[in-house]
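Note sheet for the following structure.
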Amino acid sequence: MNGFNINISASAAWAPGLDDAAAWRAWPGKTLPLDDGSAPDIRFIDALLRRRLGRLSRMALHVANRVAAEWISLPTVFASRHGELSRTVSMLHALAAETSPSPAAFSLSVHNSAAGIFSIVRGDHAPSTALAAGDETLLWALLDATARLTDDPDSAILLVYADEPLATEYQSYSSASASAHALALLLRPGEGIHLEWTENRVRAPTPEPLSLTLLTHLLGQREKLTWHGERLSVDIHA
Amino acid sequence: MNEASHKLEAAIKVLIIDALQLEDIQPEDIDTDAPLFGEGLGLDSIDALELGVALKKHFGLTLASNDPAIKEHFRSVGSLAQLIANQRANQA
């Protein structure tokens, strides 16, 4: 048996059309609203620092701030399946057209873009990791976060997960169509939710990412949920 | 101040706002002779690179990264306009 427990003491989620907790409470059982391309409010970040951020980082930073605003310092895990791939695509287009790629896009094309900006904005030097692990990204980000908690009851870590649709050029390489959404979880020592994984030999992958299945569980809709990935199945239960 | 150089300065201000995504700034907020970097607009080294790419693309500006005068050329909108005008005059 492979599993671990997590204790979520606060959470925030954002997707186009799902701005606040009330909207999310009415969401389970439905698909996400149509993506209108909108991005969330990140006015807690200075305008000069904010201007270059793309939607993925804006979503990640928005939910991160909603959970972490009252904490002076928090270690973080920033996780995303595809990260800032859209910036890489724009730079590849520039190179293909034999023009210079944007230095600003280059500077924010790395996987820890949002993590870096979050640290700068908050003046917080706490350790941070940036993870990607295919369709299992959230599972291993949760494990990383949980493993970094200590026995100290004051111990806490912020996990931020964000994804957005793949660029058209890459869509045929991915089985799942990512939709724009972000989730922030404040994890504390203790038990609350049990996550368990087994090899998935037979089931077709669940059409939604693990993050949305976990959100459905958090919103109290179903006591036990199973998500099937390309390689693993994950049980989520109390 | 002739009309051509005035137009060039105005075009550079618009380019700075667009290329550097300065959402809350209008062309008239940028003082032609005020420093662009550090103080003034508060632009950083990535902005300098981005602006270099944009100037090359829009005005055909040629920049040599080892040019010792490059810092002085990028000091203000006025100095950039001067540089573009000089290069145009040399090519003419």
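Taken together, the values in this text are just the output of simple stated rules run on the coordinates, not laboratory data. The shown structure was predicted, so the numbers you read here are calculated from the model rather than taken from an experiment. Here Cβ is always computed from backbone atoms with ideal geometry, including for glycine, and neighbour counts include all displayed protein chains.
How about region A:191-238: which trypsin sites (Lys or Arg not before Pro) there are in a DSSP loop, with at most 16 other Cβ atoms within 10 Å of their Cβ?
Passing both the DSSP loop test and the Cβ count: A:201, A:203, A:222, A:231.
Comparing A:72, A:42, A:117, which has the greatest mean-square fluctuation in the GNM of chain A with Cα pairs linked when under 10 Å apart?
In the Gaussian network model the winner is A:72.
So, in nm, how far is label residue A:191 from label residue A:172 when the simple model puts each one 7 Å beyond its Cα toward the Cβ?
Here the modelled spin labels are 5.0 nm apart.
Only Cα pairs under 8 Å and at least 6 apart count here; give the relative contact order of region A:88-238 as a rounded whole percent. Walk me through the numbers on the way to the answer.
Details: 178 pairs, mean separation 26.6, N = 151.
Computed over region A:88-238, the figure is 18 percent.
Tell me whether region A:2-192 comes out rounded, prolate or oblate; compute the Cα gyration tensor, take square roots of the eigenvalues as a ≥ b ≥ c, and use a/c under 1.5 as the rounded threshold. Write out the running numbers ahead of the final one.
On the way: a/c = 1.60, a/b = 1.40, b/c = 1.15.
Prolate shape, in that a/c is at least 1.5 and a/b is the bigger ratio.
What are the DSSP H helices in chain B that stretch 15 Å or more along their long axis, judged by alpha-carbon atoms, and whose average Kyte-Doolittle hydropathy comes to at least 0.0?
Details: long enough: B:3-19 (24 Å, 0.60); B:45-59 (21 Å, 0.49); B:77-91 (21 Å, -0.10).
Membrane-span-like by this criterion, though nothing is claimed about a membrane: B:3-19, B:45-59.
Assuming a ≥ b ≥ c are the square roots of the Cα gyration tensor eigenvalues, decide whether region A:119-210 counts as rounded (a/c under 1.5), prolate (otherwise, with a/b larger than b/c) or oblate. Walk me through the numbers before you get to the answer.
Numbers: a/c = 2.84, a/b = 1.45, b/c = 1.97.
Because a/c hits 1.5 or more and a/b fails to exceed b/c, region A:119-210 counts as oblate.
Is the shape of region B:1-88 rounded, prolate or oblate, going by the alpha carbon gyration tensor and its root eigenvalues a ≥ b ≥ c, with a/c under 1.5 for rounded and a/b larger than b/c for prolate? Don't skip to the answer; put the middle values down first.
Numbers: a/c = 1.42, a/b = 1.07, b/c = 1.32.
In terms of gyration-tensor shape, rounded.
Among A:37, A:17, A:192, which one moves the most in a GNM of chain A with springs linking Cα atoms closer than 10 Å?
Answer for the Gaussian network model of chain A: A:37.
Going by Cα centres, region A:9-32 and region A:185-199 are how many Å apart?
Spelled out, the Cα-based centre of one part sits 20 Å from the other.
Determine, from the Cβ-Cβ distance of residue B:69 and residue A:49 and an R0 of 22 Å, the FRET efficiency 1/(1 + (r/R0)^6), rounded to the nearest 0.05.
On the way: r = 30 Å, r/R0 = 1.37.
Result of the calculation: an efficiency of 0.15.
Cα-based count: Lys pairs in the protein assembly as shown below 27 Å, eight or more positions apart or different chains?
9
Within the set of other residues whose C-beta is less than 13 Å from the C-beta of residue A:201, count the net charge using Lys and Arg as +1 and Asp and Glu as -1. Let's see the in-between values first.
Numbers: positive: A:203, A:231; negative: A:199, A:230.
Residues near residue A:201 contribute 0 overall.
So if we plug the beta-carbon distance of residue B:86 and residue A:41 into 1/(1 + (r/R0)^6) with R0 = 56 Å, what FRET efficiency do we get, rounded to 0.05? It would help to have the intermediate numbers written out before the result.
Values: r = 45 Å, r/R0 = 0.80.
It comes to 0.80.
Please identify the longest segment of chain B free of exposed GluC sites (Glu not before Pro), where exposed means a DSSP state other than H, G, I, E or B and no more than 13 other Cβ atoms within 10 Å.
On the way: sites that count: B:23, B:39.
Longest run free of exposed loop sites: B:40-92.
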